[in-house]
Amino acid sequence: MTLPRIVITGVGLTAPNGNSLAEFRHNLLHGVAGVEPYDVRYMGRLVAGVCHFDPLKHQRKKEVRVGTRAGSISIYCAREALADSGLNFEAVPKDRVGIYIGCTEHGNVETENEIYALSKFNYDTKYWSHYHNPRTVANNPAGETSLNLGVTGPAYTIGAACAAGNLGLIHAAQMLRLGEVDLALCGGVSESIGTFGIFAAFKSQGALAHHSDPKKASRPFDKARNGIVISEGGCLYTLERLDDALARGAKIYGEIAGYHVNSDASDYVLPNPARQSECVARSIAHAGLAPRDIHIVNTHATATPLGDIQEAQGLAQVFVDCPDTFINNTKSFIGHAMGAAGALELAGNLPSFDDLVVHPTINVDELDPQCALPNLVLNQPVKVKRVDAILNNSFGMLGINSTLIVKRFVA
């Protein structure tokens, strides 16, 4: 049996350096980073990737007030993706729409804020918000989106740490192929900058980035890199079966070609390069491709001293004698958007199918020799001969790894 082909027909996003794919891509090609000074409760002024979208574009003030930041990001991205897709969404049966949103963690922001507010009333729980439960349940981002759109099909989040953005797309493709839905809204979101706990935890690990110039704080592969820049953001896609997309004359960004998900089973935090390499190799095999067929590899590299080296080592094992494979990184522009990372980073590379330009990794003043991969694109974009397949890496804590491959659509 031939499985249905699954294609991307719409993209909606908010990133620290752009609120649309066009703006995001322009800034990636012109070296515009989105990291800025940011005040964190109990910790003072740090740096973070902060989004500046307008939540009231698609929500009423009350909805924003009683909902969550992750919900607002999800709604914004979903509405923008639908608009970009050209679908007549009013005519789409809402029980045939699925919403699958990857998320690193959810509920910490609201819990921290509500406990802080309660402390002003001597912890008298009669002042506890009755919105706490719907705000903090794990399915909140997808649930808020289903309420906003009137979607009655399956709507839930996928918890896969920082691999979650890729998982949102992978799961959506699977559900479309199974015939469970006819249209999927999928990807990943993050509201992580709203919780001081994540900043404090990375600082205690010695993994929180710092730099005198915030825009240079995120520096994957640089010899002087010193940690992660925590960011918020989101990117959702409309995915459809190819026959449905062609029937309505849809614009097609690319085709889901292959993927793989595995687990390290070796440490709470430290990555396992052998398992990462295995994930990459198996995704390529699943797509029916060879390493030489991949033209862009977007790395997960978060700018931690050890993590970047281990990913580079894993990639070097797979991409041997691949002269047309170019490697880049998006976190150098926006920091680490956690559950949104994979989805945002894929979006930043999709336009390469049309313009044949690979955006760079910025902020690399001195390349770490242990990260020196062939065709690593540094500081300036590179024009290439062809881009037929993009490989997107996203790895997360507790050893979850995901790799997604999107190829140029050919009828």
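The values are calculated or read from the model by the stated rules, or taken from the named source; none is laboratory data. Every value quoted in this text rests on a predicted model; they were computed, and no experiment measured them. Heads up, the Cβs are rebuilt from the backbone with ideal geometry, glycines too, and the neighbour counts pull from every protein chain shown.
Here are a few things to note about the model shown:
- Of residues in the range 1-45 being in contact (Cβ under 8 Å) with a residue 40 or more places away in the chain and in a helix (DSSP H, G or I), the one farthest from PHE333 (Cα to Cα): LEU21
- Residues that are under 16 Å from ARG241 (Cβ atoms) and not in a helix (DSSP H, G or I) within the range 87-97 comprise LEU87, VAL92, PRO93, VAL97, listed in sequence order.
- Hey, ASP321 on the phi < 0 side of the Ramachandran plot and of a type in the set (Asp, Glu) or not: no
- Pick from the range 1-21, criterion more than 17 Å from the chain's Cα centre (by Cα) and of a type outside the set (D, E, K, R), ranking: modelled with the lowest pLDDT: MET1
- Total residues in the range 200-254 satisfying the condition of being in a loop (DSSP other than H, G, I, E, B), among the acidic types (Asp, Glu) and surrounded by fewer than 24 Cβ atoms within 10 Å (Cβ to Cβ): the figure is 1.
- Note on the range 156-195: residues that are in a helix (DSSP H, G or I) and either out of contact with any strand residue (DSSP E or B) (no Cβ under 6 Å at 6 or more places or on another chain) or polar (S, T, N, Q) (or both) total 6.
- Residue in the range 386-393 that is in contact with a Lys or Arg (Cβ under 7 Å, 6 or more places away or on another chain) and surrounded by fewer than 18 Cβ atoms within 10 Å (Cβ to Cβ) present: yes
- One residue from THR104, THR145, THR68 being of a type in the set (S, T, N, Q), assigned by TED's automatic domain parsing to the domain that holds GLN174 and modelled with pLDDT under 95: THR104
- Filter result for CYS279 (on the phi < 0 side of the Ramachandran plot, under 20 Å from the mean Cα position of the chain (by Cα) and assigned by TED's automatic domain parsing to the domain that holds MET338): yes
- Where GLU110 falls short, out of the listed (1) assigned to a loop (DSSP other than H, G, I, E, B); (2) at pLDDT below 95: (1)
- Flag: SER119 does not match the condition of being polar (S, T, N, Q) and surrounded by 14 or more Cβ atoms within 10 Å (Cβ to Cβ).
- Scanning the range 316-360 for residues that are in contact (Cβ under 8 Å) with a residue 60 or more places away in the chain, outside any helix (DSSP H, G or I) and either among the aliphatic types (A, V, I, L, M) or surrounded by 24 or more Cβ atoms within 10 Å (Cβ to Cβ) (or both) gives ASN329, THR330, GLY335, HIS336, ALA337, LEU350, VAL357, VAL358, HIS359.
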